[in-house]
Every structure is written in C-alpha cells, then in structure tokens.
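Quick notes on the structure that follows.
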Amino acid sequence: MDPGKVAHAYFQAWNDHDGADVAALFAPDGTYIDPTLPGPLSGRDIATYVTRLVATYPDLAFVVERISVDGDQATAQWRMQGTNTGPFNGIPEPTGGICDLPGVDLITVGARGITSVVGYFDQKTLAEQLGCQALIVRQDDLPLHFGTSKRTDLGITTVPGALTMTWIDVDNDEESNEVGQRVNNIVESLSSEPGFIGSVSAYSGHRGHTLTAWVSPEAAEAAIGRNVAHGQARERALDGKLGSDGFTSIWIPHRLNDQLHTCPDCGRMLRIGTGATSALCGCGGEVAITSYL
C-alpha cells in the first residue's frame with residue numbers, strides 16, 4: 001500500500017468526521033497514540049476516539065501542510081482547527097476556545113493497512129488555546145496527593161458563622177468530570193443565596209473536596225435543602241451511579257483570628273480584627289478585608 005495515499009485518505013476520513021472510516025484504514029492490530037492518551041488505541045476504540053473529539057470540536061478540521069514518505073512511513077505536518085463546545089480530556093465544561101494547533105503524525109503502513117499512528121503536539125499549547133491554564137502538578141507521593149483547585153470570590157466580607165465540608169471519591173476520570181460539572185452548578189446556584197460567603201473546591205487524586213463558608217449553620221442547611229442541583233447530585237450518588245464513598249458535614253468556627261494584610265504604602269503587615277472591614281496603618285495607608293475564603 002502507498003503510505004502517501006493512505007495518509008491522505010486518513011486525514012480525509014478525519015475531516016469527514018467518520019470514525020468508522022478512520023478505524024477501517026488500520027490493520028487489524030494497528031494502533032493510534034497521541035499525548036492526550038494513557039496508552040495506544042486499536043480497533044473500535046479508534047472510532048470512539050474520533051467521535052469524542054468531533055463532539056468536542058464539531059467544526060474539527062485537519063489542514064495538512066505537508067506529507068513526506070520514507071519507505072513504509074508517511075510523515076504528515078498538520079494544523080488541527082476547531083471550536084471547543086464539549087468536554088474533553090478532563091475539562092468538563094466547553095470553553096468556546098478556538099484551536100489552531102500544529103502537530104505531526106508518523107503514519108506507518110503495512111500490507112493490511114496502517115500499523116501505527118504516533119501523533120506529536122504540545123499539550124500546553126492545546127490547553128492554553130482552549131482558554132485553560134496549563135499547570136505542572138507533582139505525581140502523588142503517598143501519603144500526599146496532588147491535584148487542582150478553584151474558589152469563588154464575590155468580595156463578601158461577612159465573618160463566617162459556619163463551614164460546610166464535603167468530599168467524594170470517584171472511580172474514574174469520567175466520574176471526576178461529572179462531579180466537577182455538578183460542583184460548578186451547585187456553587188453557581190448557591191452563590192445567590194443570602195447566607196453564602198464563598199467556596200473552595202479541589203481535586204486530589206480521585207477525591208473531590210468542597211469547603212463552603214456561610215453566615216450561620218441555619219443559612220447553610222436552608223440553602224442546601226432547597227438547592228435543586230445539590231439534591232440531584234445527592235440522589236445520583238445515593239443511587240450508586242456516582243462515586244464510591246463520601247462525607248458531608250457542617251462545622252461551627254472554634255476561633256477566629258485577625259486577618260493579616262500588607263499596607264500598600266509602607267509594606268508593613270497589619271492586623272484587621274474580627275468584625276472590622278479595614279484598618280489604618282501608622283503611615284496613613286488604609287487596608288481593607290477582601291474576603292474570608
């Protein structure tokens with residue numbers, strides 16, 4: 001088989017958004033791998049991967065800039081272009097980001113079709129084009145688990161009267177994505193509640209954590225009790241369809257220390273007592289509390 005012709009057919013199938021046609025070009029034991037995958041794909045998994053990528057970028061197109069052939073291998077330089085409107089690779093929410101990603105595929109062809117495709121591209125560039133931050137996180141080193149986090153910042157300076165803490169363990173990345181999406185929906189709807197102050201959520205390993213500050217335990221219970229998104233997530237977990245273990249709780253502060261803030265004029269650290277919203281430095285500069293979480 002001519003590797004050049006096979007390479008052209010391969011990218012045409014991608015641009016036709018036809019996963020079955022892409023997979024059909026591979027030999028029975030042919031494999032596909034790129035930097036976003038934990039290991040090589042083969043058979044119907046290749047077709048599924050194409051389908052998922054097209055769902056992520058409905059206008060997906062590969063612009064082939066050059067194909068060169070050496071023996072049984074075709075080297076293809078391309079640009080992947082599309083608009084992100086669906087989840088992909090751990091990003092639960094579409095960003096609307098426009099992708100124009102350069103890359104290279106090494107396509108090896110045998111008598112029965114493609115024996116391997118090895119794709120090369122910069123994951124950091126892909127993430128940044130999607131409107132995400134590319135962070136380097138250490139691998140877990142027991143007993144430490146590493147991950148990512150986010151917090152709300154509504155500028156509310158009310159002193160917390162209660163904290164709610166929730167965690168849930170998930171079994172795989174798909175469940176992790178669902179939990180992340182549900183947490184976003186819950187926090188977004190809770191942020192309009194009169195007793196809500198702020199929230200921090202984080203993932204470490206396959207455990208999701210959420211810590212939320214409230215003006216009082218009663219405000220927390222009332223808001224959570226009438227929150228539709230929270231109720232739907234709870235029922236899904238209790239039905240055994242999301243997560244494997246979990247814990248929820250409400251905590252009342254034992255001690256509230258002063259906040260510490262740097263004076264923008266002289267650089268000295270000032271204490272702002274509980275109940276106060278600002279402090280005046282000896283140099284005349286004023287420092288204000290921004291939030292408690």
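Computed from the coordinates by the stated procedures, all read-outs in this text should not be read as laboratory data. Just so it is clear, the model here is predicted, and its values are computed rather than measured. Ideal geometry is used to build each Cβ from the backbone, glycine not excepted, and the neighbour counts take in all protein chains shown.
Less than 5 angstrom separates the built amide H of residue 116 from those of 31, 108, all sequence-distant by 5 or more or on a different chain. Each principal axis of the Cα cloud of the chain was evaluated for its coordinate range; sorted largest first, these ranges are 78, 52, 37 Å. Across the chain, the mean sequence separation of Cα contacts (distance under 8 Å, 6 or more residues apart), normalised by length, yields a relative contact order of 14 percent. In order along the stretch 196-207, the phi-based Karplus estimate (6.51 cos²θ - 1.76 cosθ + 1.60, θ = phi - 60°) of 3J(HN,Hα) comes to 7, 10, x, 8, 10, 10, 8, 10, 9, x, 10, 10 Hz; Gly and Pro are listed as x.
Residues 206, 254 in ascending order of nearby Cβ atoms (within 10 Å, fewest first): 254, 206.
In sequence order, the stretch 155-166 has phi-based couplings of x, 7, 10, 5, 5, x, x, 6, 10, 9, 10, 9 Hz under the Karplus curve 6.51 cos²θ - 1.76 cosθ + 1.60, θ = phi - 60°, and Gly or Pro positions carry x.
Calculated [222 nm] ellipticity per residue, helices only, for the chain: -8000 deg cm²/dmol; basis is -39500 (n - 2.57) per DSSP H run with n ≥ 4, divided by all residues, nearest 500. The phi-based Karplus calculation (6.51 cos²θ - 1.76 cosθ + 1.60; θ = phi - 60°) puts the 3J(HN,Hα) values of the stretch 17-31 at 6, 10, x, 5, 5, 4, 5, 5, 7, 8, 5, x, 9, x, 10 Hz, whole numbers, x for Gly and Pro. Relative to the Cα centre, the charge distribution of the stretch 77-208, modelled as +1 at Lys and Arg Cβ and -1 at Asp and Glu Cβ, gives a dipole magnitude of about 240 debye. Neighbour counts of other Cβ atoms within 10 Å put 148, 31 in the fewest-to-most order 148, 31. Taking Cα centre as origin and charging only the Cβ of basic (Lys, Arg, +1) and acidic (Asp, Glu, -1) residues, the dipole magnitude of the chain rounds to 720 debye. Cross-link reach is defined here as a Cα-Cα straight distance under 29 Å, omitting same-chain residues fewer than 8 places apart; for residue 5 none of the lysines meet it. For the stretch 196-274, the average shadow cast by the Cα convex hull is 7.9 nm², which is a quarter of the hull's surface.
Considering only 187, 262, 104, the residue lying farthest towards the positive end of the dipole of the chain is 262, judged by Cα position with unit charges set on Cβ.
Spin-label model, residue 132 to residue 150: label points 7 Å out along the Cα-to-beta-carbon direction sit 1.1 nm apart.
Arranged from fewest to most other beta-carbon atoms within 10 Å of their beta carbon, 146, 196, 121, 26 become 146, 121, 196, 26. Considering every alpha-carbon pair of the stretch 16-118, the percent of pairs per 5 Å bin, from zero through the bin containing the longest distance, is 3, 12, 19, 25, 23, 12, 5, 2, 0. For the stretch 130-273, the alpha-carbon radius of gyration amounts to 1.19 times the rule-of-thumb value 2.2 N^0.38 Å expected for a compact globular protein.
Per residue, the average separation of C-alpha pairs within less than 8 Å and at least 6 apart gives the stretch 147-251 a relative contact order of 43 percent. Highest mobility in the GNM of the chain, judged by mean-square fluctuation with C-alpha springs under 10 Å and restricted to 198, 225, 97, is found for 225.
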